[in-house]
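Student: Would you mind keeping the following structure in view while I ask a few things?
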Amino acid sequence: MDDSLFVYLQQLELITFFSGYPFIYAVVFSIAGNQQDKNSFKNQVTKLLPSGYALVGILYLGFQLKNLYLVYFIQNNNLTMQLTCWQIWGFLSLLFWIPALAKKTILSLLHSLVFFFFLARDIILRLSASTVDIHIVRNDMQMYTVSLLLNLGAILVIVLLSFLVKQYKK
Amino acid sequence: MKLLTNKTLMIFLILISGYGYIASCTHESVVPPTVATSGPIITRGTNIQLPGNMVVGDTTQWKLDKAHSNVLWSTNYVGVAGLLTGRFNQFGMHEVIDAEMQNYLTAGQPLKDTSWAFNEADPTKTYFNGYVQVNQSNTGEPGRDGGCNVSGLGTVPIVTGTQNLTLTNIARIKTTSVKFDPLSNDYIVTLNFTWKGGLAAPLTQSIVGRLKYVSKARVQIGTGAAYSVFGLQLKFQFNCRDFGVVSTSIADKVDIECNMNFNNK
């Protein structure tokens, strides 16, 4: 880990938003199993996973803009934002709004696993060499819990919206 | 997903995050609170304090600092109301024998305050005697102190310039045993309380009280006038009706608190 506190905080933010997705993904796919019927509800939910992930990306973008004091910068015509590569990677989750990408659900998993590995790295280093302070692991796990709830909520919102749209179309 | 099946992914995620939760829930970095003791913490020193002959300047001899000591009494007004309190202006720590029960024409202590000894570690060697002049009860109300208190307590009015240690005006205590209190640093004292009160003749009752030792300390350190002090606090209670006090202005039970300060000047 970089010694910079700000880098650590950025990683914590990314963990908070994205690290819970792989677990939600695995659970949904485990429940759905090998559904032959493509129109079954479970199968439909698996297809909506990338959209839920993209919704989390929207929330992450909103969070970053909130930190940016957007209104102040626009009024002063001085909008600058220094992005790290990990933040850019986080914003890429917005691409899953594109239907063609959303169909490739595995891509959303691979995208989010990057952030889960932040968490896994701290835990494994703690397990293997105790080079990571317990407070860091504690922080990580608290953020991971929040992330699980956030991603679960996002999926539920997308499923609900999808259901409502279908009902409206009918 | 061919390389990484859902089940494998699930197991991997559960293992990693499970360990993370377990590790983060441990309290290894938290200092545990000290173990609570199951009983009171009792620490006693080995101080021995004796009055000797109260030779001024002899630091091995301890003198009663009467000016900074007091004997207080308290009882519930009319038996049920708030506390009525007072103090005895004249008292001492002398075993007053019959021959010494007389009037003394002095403003100071009529008798030497030498009838006591204190041994912190061996209470069997601790003893003390004390007395108060009953008509010297001071509640701050002259009408009461010189009026109904005198008649109600079976004594005589104050004669200015006279220390009245006669039988009608003296209440005495004399310890018969001093033991460690197993539940505190205090001592449990059994004492004989002797007072005539409203009776025809003095009555002696055995009463149990509590003695607290305020440990020896050095004061005014760094000056040429440095000296040591210690304190004894005795509390006990008696039933004034047993001593012929009939006044309904006070309750049956009267609490006595003796705060004695000593120095070795």
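The values are calculated or read from the model by the stated rules, or taken from the named source; none is laboratory data. Every value quoted in this text rests on a predicted model; they were computed, and no experiment measured them. Note: ideal-geometry Cβ built from the backbone for every residue, glycine included; neighbour counts use all protein chains shown. Remember, those area values only see protein heavy atoms, side chains included, never the ligands or the DNA or RNA. Shrake-Rupley method; radii C 1.70, N 1.55, O 1.52, S 1.80 Å.
Student: Only one of these is touching a Gly at 6+ places or on another chain (Cβ under 7 Å), open to solvent by 50 Å² or more (accessible area, probe 1.4 Å) and within 15 Å of residue B:173 (Cα to Cα): B:196, B:235. Name it. Working first, answer last.
Tutor: On the way: B:196 fails: open to solvent by 50 Å² or more (accessible area, probe 1.4 Å).
B:235 is the lone residue from the list that is touching a Gly at 6+ places or on another chain (Cβ under 7 Å), open to solvent by 50 Å² or more (accessible area, probe 1.4 Å) and within 15 Å of residue B:173 (Cα to Cα).
Student: Please give the number of the condition residue B:159 fails out of (1) closer than 19 Å to residue B:210 by Cβ; (2) surrounded by fewer than 21 Cβ atoms within 10 Å (Cβ to Cβ).
Tutor: (1)
Student: Shifting gears a bit: Given the options B:201, B:217, B:171, B:225, name the one that is more than 24 Å from residue B:92 (Cα to Cα) and open to solvent by less than 60 Å² (accessible area, probe 1.4 Å).
Tutor: On the way: B:201 fails: more than 24 Å from residue B:92 (Cα to Cα); B:217 fails: more than 24 Å from residue B:92 (Cα to Cα); B:171 fails: more than 24 Å from residue B:92 (Cα to Cα).
Within the list B:201, B:217, B:171, B:225, the selection yields B:225.
Student: Could you tell me how many of the residues in region B:1-21 are modelled with pLDDT of 85 or more and either loosely packed, with under 11 Cβ neighbours inside 10 Å or not in a helix (DSSP H, G or I) (or both)?
Tutor: Matching residues across region B:1-21 total 0.
Student: What residue, of B:151, B:137, B:177, is of a type in the set (S, T, N, Q) and under 29 Å from residue B:44 (Cβ atoms)? Before you say what the answer is, go through the steps one by one.
Tutor: Working: B:151 fails: under 29 Å from residue B:44 (Cβ atoms); B:137 fails: under 29 Å from residue B:44 (Cβ atoms).
Only one candidate passes the filter, namely B:177.
Student: Provide a single number: the residues in region B:58-93 that are open to solvent by less than 60 Å² (accessible area, probe 1.4 Å) and either assigned to a loop (DSSP other than H, G, I, E, B) or in contact with a Gly (Cβ under 6 Å, 6 or more places away or on another chain) (or both).
Tutor: Of the residues in that region, 12 qualify.
Each row is one residue, and each column tells you yes or no for (1) modelled with pLDDT under 95; (2) over 17 Å from the mean Cα position of the chain (by Cα); (3) of a type in the set (Ser, Thr, Tyr).
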residue	(1), (2), (3)
B:52	yes, yes, no
B:57	yes, yes, no
B:63	no, yes, no
B:77	yes, yes, yes
B:80	yes, yes, no
B:84	yes, yes, no
B:91	no, no, no
B:94	no, yes, no
B:109	yes, yes, no
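Student: Across region B:94-137, what is the total count of residues that are in contact with a Lys or Arg (Cβ under 7 Å, 6 or more places away or on another chain), farther than 16 Å from residue B:176 by Cα and assigned to a strand (DSSP E or B)?
Tutor: Number of matching residues: 0.
Student: Exactly one of these conditions fails for residue A:116: (1) more than 11 Å from every other protein chain (Cβ to nearest Cβ); (2) in contact (Cβ under 8 Å) with a residue 24 or more places away in the chain; (3) within 28 Å of residue B:20 (Cβ to Cβ). Give me its number.
Tutor: Single failed check for residue A:116: (1).
Student: Still on this structure, please answer the following. At least 2 residues that are over 30 Å from residue B:7 (Cβ atoms) and either in contact with a helix residue (DSSP H, G or I) (Cβ under 7 Å, 6 or more places away or on another chain) or at pLDDT below 90 (or both) in each: list the helices (runs of 4 or more DSSP H) lying fully within region A:32-113 that qualify.
Tutor: A:41-67, A:70-75, A:85-91
Student: Would you confirm, using the coordinates I've provided, whether residue B:114 is over 18 Å from the mean Cα position of the chain (by Cα) and open to solvent by less than 60 Å² (accessible area, probe 1.4 Å)?
Tutor: Yes: the conditions hold for residue B:114.
Student: Tell me whether region A:144-166 contains one or more residues that are open to solvent by less than 60 Å² (accessible area, probe 1.4 Å), assigned to a helix (DSSP H, G or I), touching an Asp or Glu at 6+ places or on another chain (Cβ under 7 Å) and within 13 Å of residue B:24 (Cβ to Cβ).
Tutor: no
Student: Looking only at strands (runs of 3 or more DSSP E) that lie completely in region B:177-265, which have at least 1 residues being in contact with a helix residue (DSSP H, G or I) (Cβ under 8 Å, 6 or more places away or on another chain)?
Tutor: Working: elements: B:187-195, B:203-219, B:227-239, B:253-263.
Filter on region B:177-265 gives B:187-195, B:203-219, B:253-263.
Student: Can you tell me which of B:213, B:227 is touching a residue at least 60 places away in the same chain (Cβ under 8 Å) and under 21 Å from the mean Cα position of the chain (by Cα)? Even if it seems obvious, please write down each step before you answer.
Tutor: Values: B:227 fails: under 21 Å from the mean Cα position of the chain (by Cα).
One residue alone meets the criteria, B:213.
Student: Hey, among the residues in region B:117-146 that are acidic (Asp, Glu) and within 23 Å of the chain's Cα centre (by Cα), which one's most open to solvent (accessible area, probe 1.4 Å)? Please lay out each step first, then the result.
Tutor: So the first thing to find is which residues in region B:117-146 are acidic (Asp, Glu), and the list is B:120, B:122, B:141, B:145.
This time we only want the ones that are within 23 Å of the chain's Cα centre (by Cα), so: B:120, B:122.
Working: B:120: 15, B:122: 44 Å².
Among them, the one singled out is B:122.
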